[in-house]
Amino acid sequence: MRKIFVCVLLSLAALFGNASDENDSSALGSQLGVYKLKADEIDRENKNNVWFSGHENYNIYKSRQSELDVTLEEIKKLKGKRDNDSLAKIDELERKEDFLEKQLDSYAEFKDAPFSGLLKAPDVPAVPSITNPFDLITGFSYITQLKQDLESYNKQTRDLDRLLEKLKEKDTLLEQIIQISSGEAAGVEVEKSKRLILEFEAAYDVALTSAAVYERKINEAIRRTTNEIKDETKHSVSILAIIVVTIFISFLLKLLSKRFMSERGYIFNKVINIINITLIILILLFAYIQNLTYLVAVLGVASAGIAIAMKDMFMNILGWMVVTFGGSFKVGDRVKLQKDGLVYVGDIIDISLMRMTLLEDVTLTTYLENRRAGRVIFIPNNFVFTTLISNYTHETLKTVWDGIYITISFDSNYKKAMYIIKEITKKYSKGYTEIARTQLNQLRQKYNLKNTNVEPKIFSFIEPHGLTIHVWYMTNSYAALALRSTLSGEFIDAINKEDDIMIAYPTQTLNLRQAGKIDPQGTQAEQI
């Protein structure tokens, strides 16, 4: 009975022991599967890493090169054979050779080393020369680009560091797999993993060194560029300050000219503007052109061609200088210009570098010749050298001689008519006569004036239809027609009151005689 009980106990112990072994085996298998899954996941992640891809491509190149060497060796062995099988085999191997060579060309950049392209730091671009405000934009762009390049290179180093962490993690998993399975394949995989880690650790050391050197180069380039930006900023601010001071001084001069130079204030402002612009251009030229000798040489060579091509423009500028500094004309003057048979009378409303601008007014010339007014006439400044331009209001003059005439019959009392006309003229032109006398006396300081008599002048001349009385008087240069119109009406009214004065106009006398009679001159009279 006891033997039976012992046998049963032994059987139960064996049964439970086998169940426990099976449970342990199942747990180990499950754990092994987890390790393999993690290892496979790490491999998938590493495939997206540029360093791992470079190493894989390097291995592919070496593998394809080995295949190509074997293929070439086989072709070499079969070259001496002429049987059909050998020829077919050679043809197949040559196609394989062509395929392998094309693949090697695709992976040619990985021929020498797996990381040569990644470990080599990019060249630092030359520091730009910052010599004007526009180069500041180039300088800031250059610094931004350098920082981006450095960040990109550092990112590659960080990617390599992460790859090493993953490879070490996989190596740990492989060692755990060996402890569980103790298979030969797992041992080979571990050796391969450790070899790979050593390669990448060596590459990582080189990458760190390259990154440190590259960062120092980048920082040095940034420092130099920053210093140039600071220097150019200070230089530009100084130039800007000088220009602002120049503009401020010109503004003050304009205010003073407006207050104390009412007559020539407009021209003075124009001159100030030209001088101000010229000074600013010269300041900018001397501040930013590095080689002024070269500039002068270029301008000297080009001056002849420029002078010919821009002859009219230069003549206009020279004419502007003559007009502005010579004092012949100024804005507001009334002038008369005759060109190509056409006459223009008007007021100067602007004098620029290229031309004078004339606003046509209603004048005697308008009445007699043009029959229109109000046009804006542009007179090139070079006309002062080639065309006669009359100035009605030169210097202090604001008056001009104007004349009017009236014809009386031969039997009129011409002395009485001349007296009446002269008195009327004196009465209406008295104010202008006094103004003209004052203006001419002031003009003596500049010109040698012999005759300054400005009293009305009267003359009489025999004309075919009667005696013509001419009277000349001083009148406003800008409103000569108004006084002429007034005097015309006054002359008519005064003469019509006199019985012994008759206004003459073209007449014809007809001498009618009977037919057939001889006239006193001995010719036969015409029969009417």
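The values are calculated or read from the model by the stated rules, or taken from the named source; none is laboratory data. Worth saying up front: this structure is predicted, and the values here are computed from it rather than measured. All Cβ positions, even for glycine, are placed from backbone atoms using ideal geometry, and neighbour counts span all protein chains on display.
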Problem - Residue that is modelled with the lowest pLDDT, among those in region 65-116 that are under 30 Å from residue 200 (Cβ atoms) and loosely packed, with under 12 Cβ neighbours inside 10 Å - result: 112
Fill in the blank from the handout: Residue pairs qualifying under the 7 Å Cβ cut-off, at least six apart or on distinct chains, with the first in region 334-355 being under 19 Å from residue 316 (Cβ atoms) and the second being among the polar types (S, T, N, Q) and part of a loop (DSSP other than H, G, I, E, B), are 337/387; 339/387; 354/381; 355/381
Practice task
Considering every residue within region 413-421, establish whether at least one is surrounded by 15 or more Cβ atoms within 10 Å (Cβ to Cβ), in contact (Cβ under 8 Å) with a residue 60 or more places away in the chain, among the small types (Gly, Ala, Ser) and part of a helix (DSSP H, G or I).
Solution key: yes
Practice task
Just name the residue that is surrounded by the most Cβ atoms within 10 Å (Cβ to Cβ) out of those in region 347-380 that are assigned to a strand (DSSP E or B) and touching a helix residue (DSSP H, G or I) at 6+ places or on another chain (Cβ under 9 Å).
Solution key: 356
Completion exercise
Of the conditions (1) in contact (Cβ under 8 Å) with a residue 40 or more places away in the chain; (2) touching a strand residue (DSSP E or B) at 6+ places or on another chain (Cβ under 9 Å), the single one that residue 327 does not satisfy is (2)
Exercise for the section: Examine region 372-380 for a residue that is out of contact with any Leu (no Cβ under 9 Å at 6 or more places or on another chain), in the same structural domain as residue 311 (by TED's automatic domain parsing) and touching a residue at least 60 places away in the same chain (Cβ under 8 Å), and state whether such a residue exists. Expected result: yes
Problem - Some residue of region 286-305 being in a helix (DSSP H, G or I), over 25 Å from the mean Cα position of the chain (by Cα), modelled with pLDDT of 75 or more and not charged (D, E, K, R) - result: no
Problem - Subset of region 331-342 (residues that are among the basic types (Lys, Arg) and either assigned to a helix (DSSP H, G or I) or surrounded by fewer than 20 Cβ atoms within 10 Å (Cβ to Cβ) (or both)) - result: 336, 339
Handout entry: Residue list for region 481-494, filter: touching a strand residue (DSSP E or B) at 6+ places or on another chain (Cβ under 6 Å) and either more than 15 Å from residue 430 (Cα to Cα) or modelled with pLDDT under 90 (or both)
Key = 491
Practice task
Residues being at pLDDT below 85 and either surrounded by 15 or more Cβ atoms within 10 Å (Cβ to Cβ) or assigned to a loop (DSSP other than H, G, I, E, B) (or both): count how many of those fall in region 131-144.
Solution key: 4
Practice task
Kindly indicate which of 407, 438 is of a type outside the set (Lys, Arg), outside the structural domain of residue 330 (by TED's automatic domain parsing), assigned to a helix (DSSP H, G or I) and at negative phi.
Solution key: 438
